[in-house]
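Q: Pasting a structure here, questions to come.
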Amino acid sequence: MEELQSSIVLVIVLGTIGMLLLIAGMSLFIVLYQKRMLKEKKKQAERELEYQSQMIQMQLESQEQERKRIGADLHDSLGSLLWGAKVNASFLQRSIELKNSALDSYTELNYILDESINTVRRIAWDLTPDAFLYAGLSESVRKLCNQFDGKGIKIVFNEEGAEHWNDDRALQVFRIVQELVSNSLKHSQANLLHVSLSWQSGNLEVKLNDNGVGFKPDAGRNGVGLWNVEQRARQLQAKIHIGNPPICSGTEIVLQIPLHHDKE
Amino acid sequence: MDVTILFAHISSSSSIIPIILGLVQYRRTTPDLKLISWLVITSATADVISLMLILNGFNTWPIANIFVIGQFVLLFFVFDHHLKKQYLKTVFVILVCFALLNYLFIQTANSFNTYTSYITGIFLILLAIAYLYRLMSNLVVEKIYNLPMLWIAFGTLVYFSGTLFLFLFNNYLIEHQPGNHQYMWILHNVLNIIKNGFLAIGLWKNYKAASY
Amino acid sequence: MIRNKLKIYLADDHTVVRKGMIRLLSTFDRVSEIRDASNGKELIAQIEKSEPDAVIMDVEMPVMGGVDAAKYIAQHYPEVKILILTMHTEEVFIHKLMDIGIHGFLSKAAEPSEVELALYSIIDRDFYRNEIVERALKKISAQVEENHYVRLTTRELEILLLICQEYTPGEISERLQISEKTFFNHRSNILEKAEVRSNVGLLRFALQRGYFAFAVA
């Protein structure tokens, strides 16, 4: 009977240990599973983010393509047709002696046609600076500033250091500057805009300063444009800081763009 | 009242909760959980019949042995529903044939069919482990503890490894110290209660998930 | 040797523009015959039948664009003067065309009356120097290449400078008191030494080497 008792104790002790081990195993299973799940979810989130960024990249690329197409169409077709109109006007002037109001009309017609051609060229250039490849970022930004300078706003461009940068990333930077400048013109009510590029080692700092009403991020006034800027900045792995300058009124936007274009 | 009988009572009553849970959601539940409902009902019926036989002094083995086989069949289909492997079905058919042969001719209905018990127990443990392994590699749900089948697999694992251990030990004891070892049945009933508990959790998880 | 009764061919893919240009050209005193084509291929086919004095063409044309056509014409019909009339005014593009050997470049943003000036200039002086071309040339003058040394005689240098100053062959011969034939001999020697094809090329060459500089505006 004694032996039987100790056997029962043995069974119970062993059984309990076994059960505890089993329960520990099951708990471990749950913990491990959740850990793996968490890792998997993280991975998936990363994949999703990457996918999203790819989509945005594609979107921006197709936007660029579309701009190129429209720009080329405008420039080549509409430009040529306007030239045709000018040629005909010139013919009329040569064949008929124009007098008084007819001459005025001819002069005005010529002026309108000239303005139209200039506008077409300007829009085409805005849409796709064909010359960007050759001119590079600095030249293009300078041209952009000159284009709007004196039209209700004074734009001052300056550059520290100099580098010729003309690849796809540079075009993205140019697009950002273009968007920001046009934002400032449209919304800031400023009469002075400073644009500066400063080339540092491996880094480009783009700074825009205006003396306008300041930036209200929640106003939603420039939603799409700013979204575009932010997406492009993200693609460039650039740091963007939008804020009101400490002393005067207005808006200050600072972009830090890594240059690593010739490395990697 | 005898302690053995007391535990037998508790054991058979422990099926009540899973039975209720199983029946409440029977119509809108998946085939695997329908089988679990049948398992708890079968288990309860077998317990009640056994209890009545014991109280009236009859041998319970014929009904207990059949229950072992029935339980094996039901649980196999539960796991088969998820694992879906042809070779498992083949093994299953062979095992069932053996169990029936054993019941009729080898160890016969009137004594405990230990072979059947061991073999089906080991097979079910392997199935549960295979199922858990699959869960781990496929990462099917976000919160694994909300998956009903996890608790079914846990219950299977605990119950069958427990009984396997018990029966092996029982055999050893009987060899060395012949006699009626009632406590074995107490322990077995404890395991049965635990198993029913796990099945109840599984059914409850399913009920909760379905009612959202 | 002022040539009158000029035969001018015109290539542009816009029919309306072509029609207008034909009308305009017909008002020019020295122009006597005008033919037109809608692309480079048609233009070359016309030239093969009968050589003109000059061609005026656009760059953007279907089938065969202006650049390819200019290349072909400069190579096979060196006597035919080429005036490019286009919306494209990028400096790099102008340089490319000058390398090919065109004689004049006019923007479609210009005044139509300038076509007459440009046309006579490429006929008489072998090239037309306008603001666009000058601007493009100025860029090049900044970068001096010293990779191969070209030695010109004093007479050749004289002639080169006069060409750059837009004197006609007749004027130059008169000034230097040489026959026009001698002038052309000298000129072809210079062309060979400078490895260029036209007077525009000579101007670029002179700017690059520092023989010549534009008057500071």
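The values are calculated or read from the model by the stated rules, or taken from the named source; none is laboratory data. In this text, all values refer to a predicted model and were calculated from it rather than measured experimentally. Methodologically, a virtual Cβ is constructed for each residue, glycine included, from the backbone with ideal geometry; neighbour enumeration extends over all protein chains shown.
Q: Pairs under 6 Å by beta carbon, first residue over 17 Å from C:K96 (Cα atoms) in the stretch C:194-212, partner assigned to a loop (DSSP other than H, G, I, E, B), six or more apart or different chains?
A: C:A206/C:F212
Q: Please give the number of the condition A:T128 fails out of (1) at pLDDT 85 or above; (2) among the β-branched types (V, I, T); (3) within 20 Å of the chain's Cα centre (by Cα).
A: Of everything listed in (1) at pLDDT 85 or above; (2) among the β-branched types (V, I, T); (3) within 20 Å of the chain's Cα centre (by Cα), A:T128 misses just condition (1).
Q: Would you point out the residue of the stretch B:133-160, among those that are surrounded by fewer than 21 Cβ atoms within 10 Å (Cβ to Cβ), touching a residue at least 24 places away in the same chain (Cβ under 8 Å) and in contact with a Leu (Cβ under 8 Å, 6 or more places away or on another chain), that is farthest from the other protein chains (Cβ to nearest Cβ)?
A: B:R134
Q: Would you confirm, using the coordinates I've provided, whether B:I129 is within 18 Å of the chain's Cα centre (by Cα), within 24 Å of B:S37 (Cα to Cα) and surrounded by fewer than 16 Cβ atoms within 10 Å (Cβ to Cβ)?
A: When the stated conditions are applied, B:I129 passes them.
Q: C:R197 - would you say it is touching an Asp or Glu at 6+ places or on another chain (Cβ under 9 Å) and not in a loop (DSSP other than H, G, I, E, B)?
A: No: the conditions fail for C:R197.
Q: When the stretch C:68-85 is examined, which residues are found to be farther than 17 Å from C:F127 by Cβ and surrounded by 20 or more Cβ atoms within 10 Å (Cβ to Cβ)?
A: C:A69
Q: Evaluate the following for A:N100: is it over 30 Å from A:R234 (Cα atoms), more than 14 Å from chain C (Cβ to nearest Cβ) and either out of contact with any His (no Cβ under 9 Å at 6 or more places or on another chain) or surrounded by fewer than 10 Cβ atoms within 10 Å (Cβ to Cβ) (or both)?
A: yes
Q: Could you check the stretch A:20-40 and list, in sequence order, the residues that are facing another protein chain (nearest Cβ under 7 Å) and under 17 Å from B:K195 (Cα atoms)?
A: The answer is A:L22, A:M26.
Q: Checking the conditions here, which among A:Q5, A:Q54, A:Q65 is within 30 Å of C:T89 (Cβ to Cβ), more than 8 Å from every other protein chain (Cβ to nearest Cβ), exposed (fewer than 12 other Cβ atoms within 10 Å of the Cβ) and at pLDDT below 85?
A: A:Q65
Q: Just checking, how many residues over the stretch A:8-18 are more than 7 Å from chain B (Cβ to nearest Cβ) and not polar (S, T, N, Q)?
A: Number satisfying all stated conditions: 6.
Q: If a residue has to be facing chain C (nearest Cβ under 7 Å) and at pLDDT 90 or above to count, how many in the stretch A:70-89 make the cut?
A: 6
Q: So, one more: Does A:V141 meet the test of being free of Cβ contacts under 8 Å to residues at least 40 places away in the same chain, in contact with a helix residue (DSSP H, G or I) (Cβ under 7 Å, 6 or more places away or on another chain) and in a helix (DSSP H, G or I)?
A: Criteria not met by A:V141.
Q: Related question: Let me confirm something: among C:E166, C:E134, C:E174, C:E146, which residue is at pLDDT 85 or above and surrounded by fewer than 19 Cβ atoms within 10 Å (Cβ to Cβ)?
A: The conditions single out C:E174.
Q: Any residue in the stretch A:160-176 that is assigned to a strand (DSSP E or B) and either touching a strand residue (DSSP E or B) at 6+ places or on another chain (Cβ under 6 Å) or farther than 28 Å from A:M58 by Cβ (or both)?
A: yes
Q: Among the residues that make up the stretch C:55-66, is at least one of them touching a Phe, Trp or Tyr at 6+ places or on another chain (Cβ under 7 Å) and part of a loop (DSSP other than H, G, I, E, B)?
A: Scanning the stretch C:55-66 turns up no residue that is touching a Phe, Trp or Tyr at 6+ places or on another chain (Cβ under 7 Å) and part of a loop (DSSP other than H, G, I, E, B).
Q: Would you tally the residues in the stretch C:40-66 being modelled with pLDDT under 90 and either surrounded by fewer than 21 Cβ atoms within 10 Å (Cβ to Cβ) or within 26 Å of C:D124 (Cα to Cα) (or both)?
A: Going through the stretch C:40-66 one residue at a time, the tally reaches 7.
Q: Go through the residues of the stretch B:187-196 one by one and say whether even a single one is of a type outside the set (A, V, I, L, M), under 12 Å from the mean Cα position of the chain (by Cα), facing chain A (nearest Cβ under 10 Å) and within 16 Å of B:I36 (Cα to Cα).
A: No, the conditions are met nowhere in the stretch B:187-196.
Q: Restricting attention to the stretch C:24-39, and to residues there that are touching a Ser or Thr at 6+ places or on another chain (Cβ under 8 Å) and among the hydroxyl-bearing types (S, T, Y), which single residue is surrounded by the fewest Cβ atoms within 10 Å (Cβ to Cβ)?
A: C:T27
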